[in-house]
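*Asks:* Below is the structure I would like to discuss, written out as structure tokens.
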Amino acid sequence: MTSAAPDIVALDRIAVHESLRVVELAEEADWERDTPCAGWTLRQLLAHMAAQHYGFAAAAQGAGSEAAYWREPEDMSEPGQTYRVAATVVLTAFAEPAVAEREFVLPELGGAFPGRMAVGFHFIDYVVHAWDVAATLGVGLDLPGHVLEAALAVARLVPRDPAGRGPGFAFAPILDVPAGAGPLDEALRLLGRAPEKWPLTRADRPEPNIQSQRGLSGG
């Protein structure tokens, strides 16, 4: 007897809510801080995260091929509020009946995908991006064990070919996973994040780099 497949929409909802929680912890001085996504400040990372929410929401409703839905918000003067609105849009779209059985067109990934797989892409992205925000702020990520195990399972399925990793791609090259790594650390390293580079507490964070300019994220 095999166990039922996890509810990917429910897992995704947990990850998005956690991203909202950590974003709420950001203060005005935090928006220009560097993030684990190389070349992006926290403000720029949230613009990317918001755009992905809108794009995936459109894809869930059959409009993923329309480029306008994937564009970053032009006004990022209030990053937290802008992100909350975008997250609400995707959570609402994913809450529609049988969304995991639909076909999603995802231009950035090269075509159409079964809904369950597409929501899985969104899920792993927001586990990782929630960590990106938490790491930037020097706070912990609070996700249940079953969510982290599911994220690790998805991370292990991401293609490992170095030709598809690095600047201009969704994820950076894979990093070595030390023995005894927990599911979050392993998932992050499989997707090119280095948790040990972001160990500081919030009080120890360096001052934000207001000269930071946007580059390729690899994230």
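The values are calculated or read from the model by the stated rules, or taken from the named source; none is laboratory data. In this text, all values refer to a predicted model and were calculated from it rather than measured experimentally. A quick note on method: Cβ atoms are made from the backbone with ideal geometry, for glycine too, and the neighbour counts reach across all protein chains shown. The protein model used for the area step is the full one, side chains on, heavy atoms only, and it has no ligands, DNA or RNA in it. Shrake-Rupley method; radii C 1.70, N 1.55, O 1.52, S 1.80 Å.
*Asks:* Give just the number: which of (1) within 20 Å of ALA100 (Cβ to Cβ); (2) β-branched (Val, Ile, Thr); (3) open to solvent by less than 10 Å² (accessible area, probe 1.4 Å) does VAL23 not satisfy?
*Replies:* With (1) within 20 Å of ALA100 (Cβ to Cβ); (2) β-branched (Val, Ile, Thr); (3) open to solvent by less than 10 Å² (accessible area, probe 1.4 Å) applied to VAL23, the lone miss is (1).
*Asks:* Examine segment 52-67 for a residue that is surrounded by fewer than 17 Cβ atoms within 10 Å (Cβ to Cβ) and under 21 Å from ALA150 (Cα atoms), and state whether such a residue exists.
*Replies:* no
*Asks:* So, VAL85, is that one touching a residue at least 60 places away in the same chain (Cβ under 8 Å), out of contact with any Asp or Glu (no Cβ under 6 Å at 6 or more places or on another chain) and among the aliphatic types (A, V, I, L, M) or not?
*Replies:* no
*Asks:* Can you run down the residue pairs with Cβ atoms below 8 Å, 6 or more apart or on separate chains, where the first is in segment 47-61 and in contact (Cβ under 8 Å) with a residue 60 or more places away in the chain and within 14 Å of ARG84 (Cβ to Cβ) and the partner is aliphatic (A, V, I, L, M) and open to solvent by less than 10 Å² (accessible area, probe 1.4 Å)?
*Replies:* These pairs meet every condition: MET49/ALA86.
*Asks:* Kindly list, by first and then second residue, each pair from a residue in segment 19-42 that is touching a residue at least 12 places away in the same chain (Cβ under 8 Å) to a residue that is among the small types (Gly, Ala, Ser) and surrounded by fewer than 15 Cβ atoms within 10 Å (Cβ to Cβ), limited to pairs with Cβ atoms under 8 Å and residues at least 6 apart or on different chains.
*Replies:* PRO36/ALA194; ALA38/GLY215; GLY39/GLY215; TRP40/GLY215
*Asks:* Same structure, new question: Which residue out of ALA153, ALA163 is modelled with pLDDT under 90 and in a helix (DSSP H, G or I)?
*Replies:* Answer to the check: ALA163.
*Asks:* Given (1) of a type in the set (Phe, Trp, Tyr); (2) buried (at least 23 other Cβ atoms within 10 Å of the Cβ); (3) farther than 27 Å from GLY115 by Cβ, where does TYR83 come up short, assuming only one miss?
*Replies:* (3)
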